[in-house]
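Only one structure is covered here, and it is reproduced in the block below.
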Amino acid sequence: MSSHAIEISLLGRTYSIACPQGQEKALQHVAQQLEIQLISLKARTNCLSREEIAIMAALNTGYELLEEQQKNQDYNKQMDEKIGLLQATLENALIERSVKED
């Protein structure tokens, strides 16, 4: 898949970012969400530098990602348990049916 550069703006600065073909809208959406977070952080903490604001935003995003990963792991574990219970129920039903037929 080829990539090309698109421009995004964050805190008044424009950056040229390599982007895979067809993923432009996704990257622009992420950049818009990041810009909202950066502006919010900047408004709440006037004394932070751009670098410190970017680090705070990265930490917040990393934490949100970690929370979502944990939710996904918990969900997968619950589904595995339910599937195991369903398999056991079906196996027991087949065994009971087999015993009744004999």
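List of remarks:
- Given R0 = 22 Å, the distance between the Cβ atoms of Leu27 and Glu68 translates into a calculated FRET efficiency of 0.70.
- Label corresponding to percent of Cα pairs over 24 Å apart when calculated from the structure given, among [x] 55; [y] 17; [z] 22: [x]
- Among the protein heavy atoms of the stretch 2-97, carbon and sulfur supply 57% of the accessible surface, probe 1.4 Å, non-protein parts ignored.
- Here Tyr63 sits with roughly 130 square angstrom of accessible surface, probe radius 1.4 Å.
- Proximal charge balance of Arg50 [Cβ under 12 Å; K/R count +1, D/E count -1]: 0
- Against the main long axis of the alpha-carbon atoms of the chain, helix 50-101 sits at an angle near 10°.
- Centre separation in Å (Cα based) which lies between the stretch 1-48 and the stretch 72-102: 48
- Top of Leu59, Leu85, Leu48 by mean-square fluctuation, Gaussian network on the chain, Cα under 10 Å: Leu85
- Distant-in-sequence amide H partners of Cys19 (H built 1.01 Å from N, under 5 Å): His4, Ala5, Ile6
- Based on protein heavy atoms only, the chain ends up with 83 Å² per residue of surface accessible to a 1.4 Å probe.
- The distance between label points at Ser40 and Tyr75 comes to 2.1 nm (points 7 Å beyond Cα on the Cα→Cβ vector).
The values are calculated or read from the model by the stated rules, or taken from the named source; none is laboratory data. All figures in this text were calculated on a predicted structure; none of them were measured in a lab. Using ideal geometry, Cβ is built from the backbone for each residue, glycine included, and neighbour counts are taken over all protein chains shown. The protein model used for the area step is the full one, side chains on, heavy atoms only, and it has no ligands, DNA or RNA in it. Shrake-Rupley method; radii C 1.70, N 1.55, O 1.52, S 1.80 Å.
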